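The values are calculated or read from the model by the stated rules, or taken from the named source; none is laboratory data. Everything numeric here is computed off the predicted structure, so don't read it as measured data. With ideal geometry, Cβ positions are generated from the backbone for all residues, glycine too; neighbour counts draw on all protein chains shown. To get the accessible areas, we keep the full protein, side chains included, count just its heavy atoms, and leave off ligands, DNA and RNA. Shrake-Rupley method; radii C 1.70, N 1.55, O 1.52, S 1.80 Å.
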Amino acid sequence: MTNEQAIHTQDTLLSTTDEYAPRRVDSKKIDLEDFMERNFRSDLSMTEFARAAGRSLSTFKRDFKQFSTLSPERWLTNRRLLAAHDLLRRGRRVSDVCFDVGFKNVSHFSAIFKRKFGQTPGQVRKAQPADTEDKD
């Protein structure tokens, strides 16, 4: 990714409105935890997340340790799975949820979801009352 692409990615992820403006830890660095929480659904590599957060990959990983004991990759996967579980409990379709939370492959998503929660995404969705399901 070139510097120009990184700037475009950062501009895309960081809105200028007060509601979405990222918190800053100092005048140069945005709050990494806040940034990741707002952008975990984005389809970016860790290098791209780091650049969009205004850091090198090594600085990104070092700063990440300040708010999580998990690696950035594991944190991202875990956060996506938690969001997916919530959406499935609301009756959303499995394939829609998979892509909405940032996964690229439904079978991979289903396998790691089952490993984490002990149920498939479809089982979680079907366990919900019929009136909460999406009408597609």
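Entry remark, the range 46-74: residues being surrounded by fewer than 18 Cβ atoms within 10 Å (Cβ to Cβ) and without any contact (Cβ under 8 Å) to a residue 40 or more places away in the chain number 16 in total.
Annotation: of all residues in the range 90-99 being farther than 18 Å from ARG115 by Cβ and touching a residue at least 12 places away in the same chain (Cβ under 8 Å), the one that is nearest to the chain's Cα centre (by Cα) is ASP96. The set of residues from the range 86-109 being part of a helix (DSSP H, G or I), of a type outside the set (D, E, K, R) and surrounded by fewer than 18 Cβ atoms within 10 Å (Cβ to Cβ) comprises SER95, PHE99, VAL106, SER107, HIS108. ILE7 meets each of the listed conditions (1) open to solvent by 50 Å² or more (accessible area, probe 1.4 Å); (2) modelled with pLDDT of 55 or more apart from (2).
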